[in-house]
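Below: the structure, in structure tokens.
Only the coordinates and a few stated rules stand behind these numbers; no lab work does. For clarity, every value in this text was computed on a predicted model and none was experimentally measured. Note that we place each Cβ from the backbone using ideal geometry, even for glycine, and neighbour counts take in every protein chain shown.
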Amino acid sequence: MNYLYLAGAITAEVIATTFMKESEGFTRLVPSLITAAGYALAFYCLSQTLKTIPTGIAYAIWSGLGIVLISAIAWIFQGQKLDAPAMIGMGMIVGGVIVMNVFSQTASH
């Protein structure tokens, strides 16, 4: 259940961030409300996650996957360009999350 909450936190954060761009500086009501609700749900789910998963591990997964997903959504739907350095950087982030989860003793505490 703890990883389901983490998946919910990531999903809600990605939706909130996507709609933040669409809110045009919080000048559009509906995207602004979706942003606020998304972040509230994301932090609630993250708080539930932290009951069982160490903070550093949960945050690494949340932020790492969030960066990759937001970048992909911005590339597909908002015209953001992803050049080779951006892709390499995201690969390094994902690699770091994997190293923390597979090799670090932090994950087992």
Does anyone have the angle between helix 55-77 and the longest principal axis of the chain? Alpha-carbon axes, 0 to 90°, nearest 10?
30 degrees
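In what sequence, highest mean first, do 75-85, 57-67, 15-25 appear when ranked by Cβ atoms within 10 angstrom? Walk me through the intermediate numbers first.
Values: 75-85: 9.8, 57-67: 19.0, 15-25: 16.6.
Per-residue mean Cβ counts within 10 Å order the peptides as 57-67, 15-25, 75-85.
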Taking only C-alpha pairs under 8 Å that are 6+ residues apart, what is the relative contact order of segment 1-105 in percent?
29 percent
For the Cα atoms of the chain, what angle does the longest principal axis make with the long axis of helix 29-49, in degrees from 0 to 90, nearest 10?
10 degrees
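By the gyration tensor of its Cα atoms, with a ≥ b ≥ c the square roots of the eigenvalues, what is the shape of segment 1-106: rounded for a/c under 1.5, prolate for a/b over b/c, or oblate? Walk me through the intermediate numbers first.
Details: a/c = 3.31, a/b = 1.23, b/c = 2.69.
In terms of gyration-tensor shape, oblate.
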What residue among T11, T27, T49 has the largest mean-square fluctuation in a Gaussian network model of the chain, using Cα springs under 10 Å?
T27
Given Cβ point charges of +1 (Lys, Arg) and -1 (Asp, Glu) and nothing else, what value in debye, to the nearest 20, does the dipole of the chain about its Cα centre take?
100 debye
Tell me the angle of helix 84-103 to the major Cα principal axis of the chain, expressed in degrees between 0 and 90 and rounded to the nearest ten.
40 degrees
